[in-house]
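Laboratory data are not the source of any read-out in this text; all were calculated from the coordinates shown. As the structure is a prediction and not an experimental result, all values here were calculated from the model. A quick note on method: Cβ atoms are made from the backbone with ideal geometry, for glycine too, and the neighbour counts reach across all protein chains shown.
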Amino acid sequence: MQSTWNGSSKKKENNLPEKPKELQLLLKVLDDLHDFLPHLILVGGWVPFLYARYLWKGIRHEPLTTVDIDFGFKDAPARKTETIADRVRKKGYGEHHVSMDRSVPFVPVVRVEKGDLKADVEFITAPETPETVKQKLVGREIKVNEIEDFELLLESPIKIGVEGRNVNVPKPSIFTFHKLLTFSERKGPDKRQKDLYYAYYVLFFDPDKKQLAQEISDHISKLKQGPAVKQNIEKYFEDPYAKGPTLIVEGTGGSAMRMLVPDIRQDAYERVVSLIEK
């Protein structure tokens, strides 16, 4: 389910955008799964939004290009008999069935009581995660996606306070590194566009840009996936008119970022290429 929030509508007194109505969906899921949260890491499109509003604070331009909620995981509680599948069924979540002729596996669908807002709640892990962990935490009934190199997002997460709830998210440097690693493998230009936009957004708005860039450069130098990231940058960011900057320009679309950057194409090229020039 797609939605767009670019922070360009009415502002509150503290000069921040009004909270998007879609935030109700995320808050409901955080409440319903509160005792599972120590073992879950929020990934995907909600992460830059949480960085902007709750980590960096004061950022007027908040990206939200999807309302679907994605959680990563790699371990399970030592002792727990109830699974996430048990919980969401108890809470009356909808079910998006993967196969038309079978009730399992399914993707939970969260809804708010009033209105037609809804979102899929997906669970992702690395291929190496034991089946016993998946079954103990998520349950047999829910579809679990496996993604290569996903373990990167699960290492050393940071905790962000969101409206009185605590949620684990990837560090900005590893989130950006991972986007620069995986965007080229995504199916469809819209997904590549979105991933590169998120990477550029973090590079542009993180208050400690030098530290962020240094950490990403260190990841490129030291992690086994580093050469692939370097190759992606060299291939897609040959010059300001190459595929990478073009995807970022297209990804910003009607975003309010266009009012902040006279030449997004040039700016995106310089920020990304600098990561492999350090």
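Which residue, Ser217, Ser103, Ser173, tops the fluctuation ranking in a GNM of the chain built on C-alpha contacts under 10 Å? Greatest mean-square fluctuation among the candidates belongs to Ser103.
Averaging 1/r across all pairs of distinct Cα atoms in the chain and inverting the result yields a Kirkwood radius of 19.6 Å.
Relative contact order, whole percent, for the range 143-182 stands at 33, derived from Cα pairs under 8 Å and 6 or more residues apart.
The angle separating the long axis of helix 226-236 from the principal Cα axis of greatest extent in the chain is about 60 degrees.
Normalised by the number of residues in the chain, the average gap of Cα pairs under 8 Å and 6 or more apart makes the relative contact order 16 percent. Helix 23-32 versus the longest principal axis of the chain: what is the Cα-based angle in degrees, 0 to 90, to the nearest 10? Orientation of helix 23-32: about 40 degrees from the principal axis. Highest GNM mean-square fluctuation among Asp218, Asp149, Asp208, for the chain modelled with Cα contacts below 10 Å: Asp208. The spacing between the range 219-278 and the range 114-133, judged by their C-alpha centroids, is 29 Å.
Neighbour counting of Cβ atoms within 10 Å sorts the residues Asp75, Asp68, Asp120, fewest neighbours leading, into Asp75, Asp120, Asp68. In the chain, helical runs assigned H by DSSP with n ≥ 4 each contribute -39500 (n - 2.57); averaged across all residues and rounded to the nearest 500, the mean residue ellipticity at 222 nm is -11000 deg cm²/dmol. Comparing mean-square fluctuations of Lys210, Lys19, Lys159 from a GNM of the chain with C-alpha springs under 10 Å, the top value falls on Lys210. Split the chain at each of the GluC sites (Glu not before Pro) in a DSSP loop with at most 13 other beta carbon atoms within 10 Å, and the longest piece is 164-276.
For Lys194, list the lysines whose Cα falls under 17 Å from its own Cα; do not include residues on the same chain fewer than 8 positions away. Answer for Lys194, where 17 Å is the Cα cut-off: Lys179, Lys243, listed by chain and number.
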